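J.: Below is a structure I'd like to ask you about.
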Amino acid sequence: MMPKSYIVFKWVIYSLATLFMMAFQALLLNQIEIMGVIPFLYPMLPAVVSMYEGGRRGPVFSLIFGLVCDLLIPSPFKGFFTIAFTLSALLSSRVAEDLLSPGFLCGILVSALSLALTGCLRIFIGLLSGGGYLELMAWIALIESLATLPFAVIVLPIYGTIHKRCAVDY
Amino acid sequence: MKQTDKFAIMLLSIAAAIAVLLSIMTYLSTNSSILPDIAGVIATPFRSVSSTITNTIDGCLAYMSDFDALKEENERLKLQIAEMEEEVRQAKADSDENARLRDLAELREQRRDLHLESARVLEQDASNWSSMLTISKGTSQDIETGDCVITEAGYLVGVVTEAGLNWATVRTILDSSSSIGAMIFRSGASALAQGDFALMSEGRLTLSYLGTTPDLVSGDLVMTSGLGGYYPSQVVIGSVEEVRASDDGLDQVAVVRPSADIESLTQVFVVTSFDIVE
């Protein structure tokens, strides 16, 4: 069993990696457009962490990350990211436990699922608020997911290394 | 029920409770609730650094790639200035005539006095779903939710939707949930300038409630109506680009090109208060 201080240290490292990814989004991804849309990395991050850490800690991390996103970036309603990221984290941990063992392939799958889930929730909220344009919103959600998914090759090794190093050292 | 299912339900309940709590806090607070305010204050220096870095990089790239384009633009602007000077002379004559006509008709002249607060754009919301800005001033500079935001040329940018201590979020006129009372300058007809999700990425908005036979032509200037006193009147929104049937076919809508170049804003002015003197 890991000592408490070591567990705290691991989650501090995960948080720093997430901060780095947030800076990556703000400084680089927000400046580029792929297929007419801006890649949106955030939904992928809690999903990947939950895939590696599974069970309980991953989803709790995702809930906190969602809350931070709700406080910092515009969302359809306050609390949107908290709910969306918690849901995708629970889904990811279930996929990693029951379907595929944590790794690259599983990472791509949970990333795709989390992007799709966030997109579907956005469409649902958009339709509820009378925005219309179902087809257009679905198209943007699809393209956004496709444009973001390749960045899994950057996200997965970073979180994978943290997971492995912490597991190997103890 | 399995232990993991119980945990999942508990966690989702917490997430839902947080969402409800945040929504209630946002609904009850005038400008920004305490948590987003604290988060915004902490994030402001990072946003500022991020904005500086991206602006510097953009500036360098633009300098390298746009030199020829800038030369061309310079020539074009010189011509434009000459044309505008001619227009100013004409406008002066028109203004004098207008003043005389007002006197004759004993119309009361409206005088609008805008109190402005300048702010830097810290962050453009780079999302495919909304059009928002984060600016560098907040409640400590008397900025409040509902304040209008304009450019240095007086073109409407949007409305403050959330204001923290030293930051504020602005919903631009392109955002699909933006809606502002408008007026056609030429005809004086009232309409509603609304953001449209389908046009947002093209940098356009719509003008609706025009009726079935609107008196509109391409190029017509669209301004704020100021009806209700929520926003100042006669702030330029943009110009009509085309008029077409609405989706239901019962009405006409106009596509409006905003006068403000919203995507490349670096500085804006918040109308903290305005007087209508009649």
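J.: Please report the spacing between the Cα centers of segment A:95-113 and segment B:134-197 in Å, no decimals.
T.: 44 Å
J.: Students often forget the sequence filter, so: which lysines lie under 24 Å Cα-Cα from B:LYS137 once same-chain residues fewer than 8 apart are removed?
T.: A:LYS78
J.: Please state the relative contact order of chain B as a whole percent: Cα pairs under 8 Å, 6+ residues apart?
T.: Values: 487 pairs, mean separation 50.9, N = 278.
It rounds to 18 percent for chain B.
J.: Here's another thing I want to ask about it. Peptide A:26-33: average number of partner chain Cβ atoms within 10 Å per residue?
T.: 4
J.: Normalising by the residue count of segment A:28-170, find the relative contact order in percent from Cα pairs under 8 Å and 6+ residues apart. The partial results should precede the final answer.
T.: Values: 188 pairs, mean separation 41.5, N = 143.
29 percent.
J.: Can you show me the helix-derived [θ] at 222 nm for chain A, built from DSSP H runs with n ≥ 4 at -39,500 (n - 2.57) apiece and divided by the number of residues, rounded to the nearest 500. List each step's numbers first, then the result.
T.: Details: 7 runs with 127 residues, N = 170.
Computed ellipticity for chain A at 222 nm equals -25500 deg cm²/dmol.
J.: Aspartates and glutamates near A:LYS10 by alpha-carbon distance under 14 Å, same-chain residues fewer than 8 away left out - which ones?
T.: Leaving aside aspartates and glutamates fewer than 8 places away in the same chain, those within reach of A:LYS10 are A:GLU53, A:ASP169.
J.: Something else about it: In terms of Cα to Cα distance under 17 Å, which aspartates and glutamates are near enough to B:LYS78, apart from those fewer than 8 places away along the same chain?
T.: Straight-line reach from B:LYS78, under 17 Å: B:ASP68, B:GLU86, B:GLU87.
J.: With helices defined as uninterrupted DSSP H runs, which ones in chain B have an alpha carbon span along their own long axis of at least 18 Å and mean Kyte-Doolittle hydropathy of at least -1.0? Please list the in-between numbers first.
T.: Working: long enough: B:3-28 (37 Å, 1.60); B:34-65 (44 Å, 0.77); B:67-104 (53 Å, -1.19).
Helices meeting the criterion: B:3-28, B:34-65.
J.: How would the protein assembly as shown be classified by its alpha-carbon gyration tensor: rounded, prolate or oblate, with rounded meaning a/c under 1.5 and the a/b versus b/c comparison settling the rest? It would help to have the intermediate numbers written out before the result.
T.: Working: a/c = 2.17, a/b = 2.04, b/c = 1.07.
It comes out prolate by the Cα gyration axes.
J.: Spelling out what I want: for every residue of segment A:134-148, take phi, set θ = phi - 60°, compute 6.51 cos²θ - 1.76 cosθ + 1.60 (Karplus), and round to whole Hz; glycine and proline get x.
T.: Each residue's phi maps through the Karplus curve to give 4, 4, 5, 5, 5, 5, 5, 4, 5, 5, 4, 5, 5, 6, 8 Hz.
Bear in mind that the values in this text are calculations on the coordinates, not laboratory data. This structure is a prediction, so every number in the text was calculated from the model and none was measured. Methodologically, a virtual Cβ is constructed for each residue, glycine included, from the backbone with ideal geometry; neighbour enumeration extends over all protein chains shown.
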